[in-house]
Amino acid sequence: MRDLPILAVLWVILSAIGEWVVQILVDHWPLIVSAQGEETKYAFIFLFRVGAVVFIGVTLAIVYPMIRWRVPDDDMTDSAHQYRANWRFVAPWIIVTTLLNGFFIVHPGITGLANIWGMAVAAANNPNTVEVDVTAKQWSWHFSYPKYGIFDATTLVLPVDTPVKFVLHSQDVIHSFWVPSFGIKKDVIPGEDRVLFVTPNKITSTKDNLLTRVQCAELCGSGHSTMRAVVQVESTSDFESWARQNGSSSMRSAGAGRGSS
Amino acid sequence: MSAPVTYEKLSARQVRMYWGGLWLILLGEAMIFVTVFAVRFLMAQATVSPDVNRLLGGLITLVFLLSLVPAQGAVREARQGRNDLAGRSLGIANLMGILAFAGVIVDVVTVKLDPGSRFGESYFLATGYHALHIVVGIIVLSALWSSARRGRFNINNHWSVEGGVMFWKFVVLMWVLLYVIYFWI
Amino acid sequence: MSAHAASRPRFVEIVWPILRASVLAAIGYAIGSFGIAVIRGGTWTDQLSIVVGFVLGLLGWLLGGGAFEAWVRPWFGHENTWNEGHGITRFFRYNTDHKVIGIQYMWGAGLAFLVAGLIAMGMRWELLTPQLDFFTNRTWYNTAVGIHGSLMLFSVSVVAIVGGFGNYFVPLMVGADDMVFPQVNGISWWFVLPGIMALLLSPLLGGFETGWTGYAPLATTDEAGQLLYYLGVFSLGVSSLLTGVNVIGTAVYMRAPGLTWNRIPMFVWAMIVTSVLNVMWVPVVGVDMMMGVMDRVVPTAFFGAKGFPLLWQDLFWLFGHPEVYIIMLPAWGLWLEIIPVFSRKTLFAYRWAVIGFIAIALLSGTVWVHHMFTAVSAARLIPFMTDTEIISIPTGFIYLSLIGTLFQGRLRLTTPMLFALFSALNFLIGGGTGIFLADVPSDFQLQDTFFVVAHFHYTILGGMIFGWFAGLYYWFPKFSGRMYNEFWGKFSAWWMLVFYNLTFFTMFVSGLEGMNRRIATYLPDLTNLNVFTSINGFLFGVGFFVPLLNFLISAYRGKRAPANPWGARTLEWMTSSPPPHENFETIPVVREDFYGYGQVKEPEQGLFPNPTTTRPTGPTTGDD
């Protein structure tokens, strides 16, 4: 019957339009300024591109019959085509959906995670990694840089293109450490230390774009909405001078002393 | 108020339905205890606090296990339509259940466990939740005893006794597991 | 049965059991809370007082509504003297007729939906501006979020279809004269209102901060309204559990002759699978709630810094994820019931759809950590991402069946059909966006943003609620005996589709633009998105008055409905609208499946009156 070729053509045309729309959205994507954020953004966009085609296909399969085979409400005639199953439809559907799902698990699922973990391992072994102790409490953020002797800062200042190791502590309830433009977050659990590695890759700050801010992302009480902090990503030299200005005169080694927590 | 009559005859299908329903409820209840016991191992791994009163726990276990004798006896007697004997057996089982419950209360009140400690909190969660089930079991046995005294059961319809005693057996089984898991392992 | 004096005024005759239940509830609460206060030398608003008060109040409520005469006295060997009423009085008292109970659940769900929906309108009013202006402080906003979510998830989503349609239609669809345990069924509804009341009264104790997910340790240290959250959810859970046992038992034991397992209607399959999930997982969340209460009241330290803060989430989501399938499965069942009827076409791939339901249920207990990807250790990420992705495969079988049925059918786009198809389209977006959340790297950015809020509203509101409306319009003629107004029905379907999508699609964008969840105030750059969302949200909300009025007015003034206005083939349509008390005048004998259109000529399909078949003996009164 001629429906199948028509559907196929419609699917191709609408998918092309759909991909064009997706591309416009991708070109206007919210700001992402970290290496890890590139991974999470890539994963989303990959799924978006493939998902758009699938979505258009299934929507077409539902809407086309609504138009093509519509009859008045009081027409009780049975359809002339009656079949309980058709392996030509069932088998490809099951095979394709299974393969597609399996594929997504591997890519961008496992591959994305592998990349993020790889970056974390590299950062852990990198002597240049800046360590920031993050203390979350109801309802503010406090940052300490043990190597630089900076304690209890309320602005997060970071060097660009340098791995940062965030060590997350909570003084009370569960919070979540999130800088939207870093594209990744991690929950902060009382009684445990959590570690998040981020490598910012653009010089920017909360003044430039509100997405570059620390925002608590786990409901933590009445102050949750305003539990924020200003973020500044600077060049390495600017960061060093900031650290020198704000740190204690005697530089402490990494092991001694911690942020007030 | 008309005089109470004995129960109508149950068909085999109805009996199967009632057993099916009871097993479904017990399945749900079992999920409760699976969760509670799993939490215990998560919280305190295999350690058992030395402060648990094994002797008292053992006595409670003994009373529970002994209560199964009159309970099962009541089932047998109800099957024969002997309401008088069944009533007496149910009464004895009930009293033993109440005695065991009293033991649990004494234990919970006197045990020197800190409810904020890892082992202590799971201990109180388990004994508390189980105690609620003992209370339900006592109510069930009391109701069955009262019905038997009014001559409601007969050869053709004594399912309430079978089902109620099965629930009591479940309560006893859960206690035995609790005793092993919280007092010994 | 003792008769009540015929001279008593009608209104009192209707409401006295509910009044008695309320009075006994208040007395029970007073005894419990004051009793504990006196014993321990505290006040009656202490936490333990509240807990014990609630338990005794619940007991008083249950007994007052009729369980004392109908349950307690017969247990102890007396006669059951409870009058189950007649006409409208049946609905306001303990009653064992599954049709009455179904309508009680439908009203409960409807009222909870109205209240929770109004709360949502309040939330959207607040979010029209970046500052706090409608709610006096953020605790009240968080409490509103919590009550909205808890009511919708625990007292609408499950109660509406599982409690409402499940109770009313499962016995009818299997050809039975009632549920397998009518007494248990009768009491199950009475747990719903106390649960709703507990949640609605939580502001009296200061509200609660955690939202419907009740995360500890915030839940341990916030306002005392959290206790009512625990207790309310527990009560609502008991109701689901009891309904679940009844549905499984009815489907297993009460099927009409000839209704073999491979002929069971899709809605009944969905209900069976849903009920198994209910029986297994509701007890787990019950334990979680109990531990939450203990952490506040004893206090224990299950979820604190010295305990396992994530344990609350693990136990909650072990239940919580199957819960969303408990919510969706009946809606999927409704799609596959309604679409063949209005396509006049055999249901496609019945076996695969059933396999899909069962596989989804089996997998649903293995995926819960995907709610916690940003909180758990790395080792748990890949296994749970894998299971979560895999569950899309059996979900796809439902679309397989749906699409195969639509293709080459003769589609009558009546209101139920429109809602079923719109539900399928909405759920496609909802389920599809779930892929972005199942993928861990993508989830790392999206977790706890409005993207998640949009995703679950698309699945639950776009999927289940639209499905609920499909069922309401489909079955309205059957349970009310009258036809609704078709024009206003279609109007409501299109209105809801348009404004629903305008409201919630925008939230995907807000989430990507950095708006996180459960915030009363936000940064000014998000204002335009939120204004757009709120205005469409108000229009969407207003639209609900159309079906409300349509149903209310049609129930009294609609055209009388025939037994089978849609030309459907399942058993509920083979009896009058509404059905008589015993459901069928003679027991139906099923001779072939319900989805074979265009194959068998009338009158042999479905019901064949056979006077020689004896009715299987149902449960006796005074017994369980």
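Arranged from highest to lowest average of other beta-carbon atoms within 10 Å per residue, in what order do the peptides A:202-212, C:428-438 appear?
The most tightly packed comes first, giving C:428-438, A:202-212.
Take each of the peptides C:240-247, C:45-52, average the number of other beta-carbon atoms within 10 Å over its residues, and list them starting from the highest.
C:240-247, C:45-52
At A:Val26 and A:Ile67, where each label point lies 7 Å from the Cα along Cα→Cβ, what is the point-to-point distance in nanometres?
For A:Val26 paired with A:Ile67, the spin-label model returns 2.7 nm.
Within a 10 angstrom radius of each residue's Cβ in B:27-35, how many Cβ atoms of other chains show up on average? Whole number is fine.
So the per-residue partner count for this stretch is 6.
With the Cα gyration tensor of chain A giving a ≥ b ≥ c as the square roots of its eigenvalues, does the rule (a/c under 1.5 for rounded; else a/b larger than b/c for prolate; else oblate) give rounded, prolate or oblate?
In terms of gyration-tensor shape, prolate.
In 10 Å bins starting at 0, how do the alpha-carbon pair distances of the range C:71-148 split up by percent?
Reading the bins upward from 0: 16, 28, 18, 17, 15, 6, 1.
Name the residue from B:Phe101, B:Tyr123, B:Ser89 whose Cα lies farthest towards the positive end of the charge dipole of chain B, charges +1 on Cβ of Lys and Arg and -1 on Cβ of Asp and Glu.
B:Ser89
I want to check the label-to-label distance for A:Val195 and A:Asp152. Put each point 7 Å from Cα in the C-beta direction and report it in nm to one decimal.
2.8
Given a Förster radius of 56 Å and the C-beta distance between A:Thr77 and B:Trp23 as r, what FRET efficiency does 1/(1 + (r/R0)^6) yield to the nearest 0.05?
0.70
Quick one: which residues, 5 or more positions from A:Val71 or on another chain, have an amide H under 5 Å from its amide H? H modelled 1.01 Å from N in the peptide plane, none for Pro or chain starts.
C:Leu411, C:Arg412, C:Leu413
With a ≥ b ≥ c the root eigenvalues of the C-alpha gyration tensor of the range C:96-557, is it rounded (a/c under 1.5), prolate (a/b larger than b/c) or oblate?
rounded
What is the angle, in °, between the Cα long axis of helix B:118-149 and the longest principal axis of the Cα atoms in chain B? Nearest 10 is fine, range 0 to 90.
Compared with the principal axis, the helix lies near 10 degrees.
Inside 10 Å of the C-beta atoms of A:85-93, what's the mean count of C-beta atoms belonging to other chains?
4
Using Cα centres only, tell me the gap between the range C:313-392 and the range C:206-243 in whole Å.
25
Using modelled backbone amide H atoms (1.01 Å from N, in-plane), which distant-in-sequence or interchain residues come within less than 5 Å of A:Thr204's amide H?
Amide H neighbours of A:Thr204, under 5 Å, 5+ apart: A:Val233.
Taking the inverse of the average 1/r across all pairs of different Cα atoms in the range C:228-316, what Kirkwood radius in Å do you get?
15.1
Quickly estimate the mean residue ellipticity at 222 nm for the protein assembly as shown, helices only: each DSSP H run with n ≥ 4 gives -39500 (n - 2.57), and the total goes over all residues, rounded to 500.
After summing the helix terms and dividing by the residues of the protein assembly as shown, the value is -19500 deg cm²/dmol.
Starting from the Cα of C:Thr586, move 7 Å in the Cα-to-Cβ direction to define the label point; list residues of the range C:249-271 whose amide nitrogen is under 18 Å from there.
Residues passing the 18 Å test: C:256-259.
Output the 0 to 90 degree angle, nearest 10, between the alpha-carbon long axis of helix B:159-179 and the longest principal axis computed from the alpha carbons of chain B.
Roughly 10 degrees, rounded to the nearest 10.
I'd like the per residue volume of the convex hull spanned by the Cα atoms of the range A:130-246, given in cubic angstrom.
Spread over its residues, the Cα hull of the range A:130-246 gives 87 Å³ apiece.
State the Kirkwood hydrodynamic radius of the range A:1-50 in Å, one decimal place, computed from all pairs of distinct Cα atoms.
12.7
Any number yet on Rg/Rh for the protein assembly as shown, C-alpha, Kirkwood?
Rg/Rh: 0.98.
For A:Arg213, list long-range residues whose amide hydrogen, built 1.01 Å from N in the peptide plane, is under 5 Å from its own amide hydrogen.
Placed amide hydrogens put A:Ser181 under 5 Å from A:Arg213.
In whole angstrom, how far apart do the alpha carbon centroids of the range C:394-417 and the range B:91-136 sit?
55
Counting only pairs 8 or more places apart or on different chains, how many lysine pairs in chain C have C-alpha atoms closer than 24 Å?
9
Say each of B:Asp114 and A:His107 gets a label point 7 Å from the Cα, pointing the same way as Cα to Cβ; how far apart are those two points in nm?
So the two model labels end up 5.5 nm from each other.
Hey, got the Cα dimensions of chain B along the principal axes, in Å, largest first?
56, 29, 29
Among all helices in chain A defined by DSSP H, which have a length of 20 Å or more along the axis from Cα atoms plus a Kyte-Doolittle mean of at least 0.5?
A:3-27, A:35-68, A:87-104
Hydropathy first: keep DSSP H helices in chain C averaging at least 1.6 on Kyte-Doolittle, then drop any whose Cα extent along the axis falls short of 15 Å, and list what survives.
Both cut-offs are met by C:47-62, C:350-364.
Given R₀ = 45 Å, what would the calculated FRET efficiency be for C:Val531 paired with C:Arg560, taking r from the Cβ atoms and rounding to 0.05?
The calculated FRET efficiency here is 0.45.
Excluding C:Leu205 itself, calculate the net charge of residues whose Cβ lies under 14 Å from the Cβ of C:Leu205, where each Lys or Arg counts +1 and each Asp or Glu counts -1.
-3
Whole Å is fine, so just give me how far the alpha carbon centre of the range C:545-591 lies from that of the range C:268-297.
Value for the Cα centre distance between the two parts: 33 Å.
Mean separation of Cα pairs under 8 Å and 6+ residues apart, divided by the residue count of the range A:130-246: what relative contact order is that in percent?
This gives 29 percent for the range A:130-246.
Inside 10 Å of the C-beta atoms of C:69-77, what's the mean count of C-beta atoms belonging to other chains?
5
Which of the three applies to the range C:9-78, rounded, prolate or oblate, going by the alpha-carbon gyration tensor with a ≥ b ≥ c and a/c under 1.5 meaning rounded?
Note, shape of the range C:9-78 comes out oblate.
Quick one: 3J(HN,Hα) in Hz for the range A:201-218, Karplus 6.51/-1.76/1.60 with θ = phi - 60°, rounded, Gly and Pro as x.
10, 8, 7, 7, 7, 4, 4, 6, 7, 4, 5, 8, 8, 7, 10, 5, 10, 9
Determine the equivalent ellipsoid of the range C:273-331 by diagonalising the alpha-carbon gyration tensor, then write out the semi-axes as square roots of 5 times the eigenvalues, largest first, rounded to whole Å.
27, 11, 7
Within the range A:140-239, report the GluC sites (Glu not before Pro) that DSSP leaves as loop and that have at most 16 other Cβ atoms within 10 Å.
When the GluC sites (Glu not before Pro) of the range A:140-239 are filtered for loop state and at most 16 Cβ neighbours within 10 Å, A:Glu192 remain.
Please sort A:73-86, B:49-62 by packing, taking for each peptide the average over its residues of neighbouring beta carbons within 10 angstrom, highest first.
Going from most to least packed, we get B:49-62, A:73-86.
Read-outs: derived from the displayed coordinates by stated rules, not from any lab. Nothing here was measured: the structure is a model prediction, and the numbers come from that model. Note that we place each Cβ from the backbone using ideal geometry, even for glycine, and neighbour counts take in every protein chain shown.
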